[in-house]
1. Just one of V120, V154 is under 18 Å from the mean Cα position of the chain (by Cα) and not basic (K, R); which is it?
2. Can you report the number of residues in the stretch 405-428 which are surrounded by fewer than 16 Cβ atoms within 10 Å (Cβ to Cβ) and at pLDDT 75 or above?
3. Would you mind telling me which numbered condition in (1) in a helix (DSSP H, G or I); (2) surrounded by fewer than 24 Cβ atoms within 10 Å (Cβ to Cβ) E60 fails?
4. Residues S68, S83: which one is among the polar types (S, T, N, Q) and at pLDDT 80 or above?
5. Which one of these does T127 not meet: (1) more than 16 Å from S69 (Cα to Cα); (2) modelled with pLDDT of 90 or more?
6. Of everything in the stretch 351-401, what is modelled with pLDDT of 95 or more and either among the charged types (D, E, K, R) or touching a strand residue (DSSP E or B) at 6+ places or on another chain (Cβ under 7 Å) (or both)? Give them in sequence order.
7. Name the single residue, out of those in the stretch 65-87 being small (G, A, S) and surrounded by 17 or more Cβ atoms within 10 Å (Cβ to Cβ), that is nearest to L105 (Cα to Cα).
8. Mind checking which residues of the stretch 511-539 are assigned to a loop (DSSP other than H, G, I, E, B) and of a type outside the set (S, T, N, Q)?
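The values are calculated or read from the model by the stated rules, or taken from the named source; none is laboratory data. Keep in mind that this is a model prediction, so the values were computed, not measured. Every residue, glycine as well, gets a Cβ built from its backbone with ideal geometry; the counts of neighbours run over all protein chains shown.
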Amino acid sequence: MSILIGALGGIIAVLMKNGVLWIEHFLTELLKIKYHNYVFFFLPLIGLFFTVLYVQIFREGKLGRGISSILYSVSRKKGVIPSDKIYSHIITSILTIGFGGSVGLEAPIVVTGSAIGSNVATFLHLTSKERILLLACGTAAGVAAIFSAPVAGVIFAMEVLLLELTVPAFIPLLISSASATVIAKILHSKPLFHLIIGGWELKALPFYILLGVFCGAIAVYVSKVTLKTEAFMKPKKGVYKKALLGGLVLGILIFLFPPLYGEGYNTVNLLLKGQYELMAKGFMGFPFIKAPWFLLVFTAALILVKGYATALTLGSGGNGGIFATSLMTGALAGFFYSFGINTIGSFHLNQTNFIAVAMAGLLSGVIHAPLTSIFLIAEITGGYVLFVPLMLVCAVSYFFARYFSPYTIYTKVLAEKGQLLDKNKDKTVLSLMDMRKVLEYDFVPIKANQCLRDIAKAIATSKRDIFPVLSEDKKLEGIIHLNQVRFLIFEVDKYDCVFVKDLMQKDFAYANIGEDMETVMKKFEDNKVLNLPVLENGVYKGFISKNAIFAIYRSLLIEESKPLSNF
């Protein structure tokens, strides 16, 4: 299955990459747009419109973009991914990026590969842990195929998706990633980047450390800008109006800064080749200004607006990911840093080396995956000459970004909703529990205007020692505990003169039907109770007990602790 998923992942990665290249080539030849920036006003808008149209007609307005949707499937759905994600992300990402959307193909490729792995496992009726493993195989295959970096593909799956690693899990990931790389090389042999890397010098070490801080700061900026811009676009009403607004603004940005068009890998290659003047050629329709100050200002502006361009593409309904944005912004940051220092004249830095290392540093800071970033750049450079600078820059960038932004773009929204799987075993098991499955309903309700006689009747017919006091519209007004009325039960003369409203506990803790179990457990501990009433929009639904939670908790813990079967 690992070989099959890897091969399919490689084929789809090549298909998506060639699809984008074909559309870009077709538009270039058809419209002769190579340096005619005014058409950039319209192309991204057309791509966004087609993408939104497809999603509205064929997906009922729901697509589930990005790696966040995969993390949600792992944490909440035991790795189950709808089969339509196998093709829907291929179509929408090609339309978005082919027409100039400023995002990358990596996230759609990962989602597609994960969907293949998940559905293969479901078809074979495998366990949830085996399904998640094959899902991760699809993820590794997608990253490996697009970059020809099999080790980076495996490590990405481990760092981002798999919280625990065993040898039985590691081997299928290797096989799937290697299979995808072989297929991709057979079908598409052209490398993504053209790198000429030289050895690093010991005297440059302090500059690499400072570069790590620089990349970490930019990573925090990119993450916050992307999340805030997407949040700004999300509440806008009307999907087509949103696409129109975002598409026009994106078109203006691309007109001003042509390198924002598409994934941005052409710009990265120009920087790596030292053809800096071509990067800014066509700026606002004017010839390139051959002056270092202009190149530095233009590069700084690109760094600042790239995150906005990506967020506008995604927030307007397009499909893509932040991976390519991180690599392009990293290349720009490395060039700005090294070119600026070289221009000052005090030191001379190898600009190609700093561009390559900064790509890894920024990616490490944005997605909080330093090992993936290190091995990705090490593999696509064709060797490990820069391994020490890569380790330093990625580590510094990661710690800097993690300090100021604890969650990544992938995990921020999930963490806020309590839907993120945690490496803490206790939190992991609690996140897998569904409150509705532990809800208990066999509690006899009473009303506030009833008397002690009615309480005695309820006690006689109930197996519980708790009685919810409900209004006519099923709202919970209070709780009666058996211990509260035990001393009154034998005082028959008070049966008709003591009322429920005088005895009930009006101040009580409760849980809401949508709360995560970690929050519910905290309420148990804070209030020193064994049972909590559960409400849905104020309406009483039942009780949840600590004993019931522990019983399910134990069975889930045993299931989660089981190792994958040895092959």
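1. That would be V154, the only listed residue that is under 18 Å from the mean Cα position of the chain (by Cα) and not basic (K, R).
2. Total satisfying the criteria: 1.
3. For E60, the exception is condition (1).
4. Going through S68, S83 in turn, just one is among the polar types (S, T, N, Q) and at pLDDT 80 or above: S83.
5. Against the list (1) more than 16 Å from S69 (Cα to Cα); (2) modelled with pLDDT of 90 or more, T127 comes up short only on (2).
6. none
7. Ranking the candidates gives G66 first.
8. I513, G514, E515, D516, K528, V529, L530, G538
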